[in-house]
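Can you read through this structure? Questions will come right after.
Read-outs: derived from the displayed coordinates by stated rules, not from any lab. Because the structure is a prediction, the values reported are computed rather than measured. All Cβ positions, glycine included, derive from the backbone under ideal geometry; neighbour counts span all protein chains shown.
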Amino acid sequence: MIRVLIAEDSPAIQRVLISIFNEEKGIEIVGVVGNGKDAVELCRKTRPDLVTMDIYMPEMDGLEATRRIMEEHPTRVVIISSMVRSRDLRTFEAIRSGAVEIVEKPHGVLTGNYGQVRDALVKIIRQLMAAKPQNRFSWVSPKPWEAEGLDLPEISVTAATPSSAPPEPVDPPPCETVLPPDFESFIPRIISIGGSTGAPAVICDILSSLPGTFSIPIVIAQHIAVGFMKGMVDWLDSSVPLTVKLAQEGDIAKPGTIIVSPDNANLEIRSRGVIHLREGQETDLYTPSIDIFFQSVADAFGDTGMGIILSGMGRDGALGLQKMRQAGALTIAQNEESSVIYGMPKEATAAGAVLQEMDPKEMISLLNQIHDRA
């Protein structure tokens, strides 16, 4: 039985969520609250398997409630947001604070997208039962209280309030990254990153640790609910020292700018780093497709490419990364210990597509080493 706590201040949306969950076998609602303060308290008392969290609530908003829950008793938190296509960054700060997924808020059964949103929400909740909420933080260096033997949970970097000036990158702690001899002096011409559930916070942490002078183009394909990619790009752009932009047809991948695939098209990269966007089809299992993205990097860059596959459900990216590896590229997968969901990295590793598994701290160290010798 999946025990779910609903945190939502709208009585109408509460009723919709209750109806959705009551129709599903194996899901039990352990509580319904209308503000973040009560969500934290009831989470402490009932220890649910998963919390659906609204962002805008009285007394304590969903961002602060997510932070408190992750500090006190790490739990799977799914953000249920109405801020589709919004520039508001709090939804993604909640992701950085430990929430594992974003889903569009379902409205009444008569609305056009109710069935699609309902199905997506239930599917994500069931799949997230494979996620380990504490894994999001397992690679972060221990805090002083842990060294003193106090039994407090590990948390990540506290999310900062967005500002016009991105924070200065913090030098990562020394970390040994051992690569095969053929790659000890490797400098890629392109760095491609693919991820799904659990990846956005890791992407932000990695990019935040790179210098503003990072000299290798970076392109990203990320699974996310339709309508939220622009918000994710704005959040990253406000949080990292490099420029982050949503891909457009004909863009050229270049140093200093991070290009992110839109959520309604498949991104392909061609020779000389030219971006081509192909409209997603109904038959596509995922849009953007990380397989299509990685395969295009293999075709365009061969043994001068670098691919990183991060936390996520399913196997998208495994075949594409395999093509990159066969072409001689440097291929990295997030390890199981640090993945929220060890699905995509596991499949890529099983396919022989991965040269090495790493946690995000090791990825940060490797990328900074590559920058230093570029």
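Give, in nm to one decimal, the length gained when the segment between R47 and E24 is fully stretched (0.36 nm per residue of separation minus the Cα-Cα distance).
Roughly 6.2 nm would be gained on extension.
Rounded to the nearest 20 debye, what is the charge dipole size of region 2-136 about its Cα centre when +1 sits on each Lys and Arg Cβ and -1 on each Asp and Glu Cβ?
380
Return the Cα extents of region 181-237 along principal axes one, two and three, sorted largest first, each rounded to a whole Å.
The principal-axis extents, from largest down, are 42, 22, 17 Å.
Then there is this: What size of dipole, in debye to the nearest 20, comes out for region 241-374 about its Cα centre when the only charges are +1 on Lys and Arg C-beta atoms and -1 on Asp and Glu C-beta atoms?
420
Taking each pair of distinct Cα atoms in region 2-74 once, what is the resulting Kirkwood hydrodynamic radius in Å?
12.0
Return the Rg/Rh value of region 181-373, two decimal places, where both radii are evaluated on C-alpha atoms and Rh is the Kirkwood radius.
0.92
How would you rank L366, L355, going from fewest to most other Cβ atoms within 10 Å of each one's own Cβ?
L355, L366
Along the positive direction of the dipole of region 181-373 (beta-carbon charges: Lys, Arg +1; Asp, Glu -1; about the Cα centre), which of V354, Q248, S261 reaches farthest?
Working it through, the farthest residue towards the positive pole turns out to be Q248.
Report, in debye and to the nearest 20, how large the dipole of region 169-320 comes out about its Cα centre when Lys and Arg carry +1 and Asp and Glu carry -1 on their Cβ.
Once rounded to the nearest 20, the dipole reads 260 debye.
Sorted by average packing, counted as other Cβ atoms within 10 angstrom per residue and highest first, what order do 65-75, 309-319, 237-247 take?
Result, highest mean first: 309-319, 65-75, 237-247.
Among the listed pairs K37/K105; K25/K105; K230/K323; K230/K361; K105/K346; K45/K105, which have their C-alpha atoms separated by more than 24 angstrom in this model?
K230/K323; K230/K361; K105/K346; K45/K105
Taking neighbour Cβ counts within 10 Å as the exposure measure, how do M83, M57 sort from fewest upward?
M83, M57
Give me D for region 2-136 in µm² s⁻¹, whole number, from Stokes-Einstein with Rh from the Kirkwood sum over alpha-carbon pairs, 25 °C and 0.890 mPa s.
169
Charges on Cβ only, +1 for Lys and Arg, -1 for Asp and Glu, centred on the Cα centroid of region 271-370; of I341, A300, S365, which one is farthest towards the dipole's positive end?
Positive-end residue among those listed: A300.
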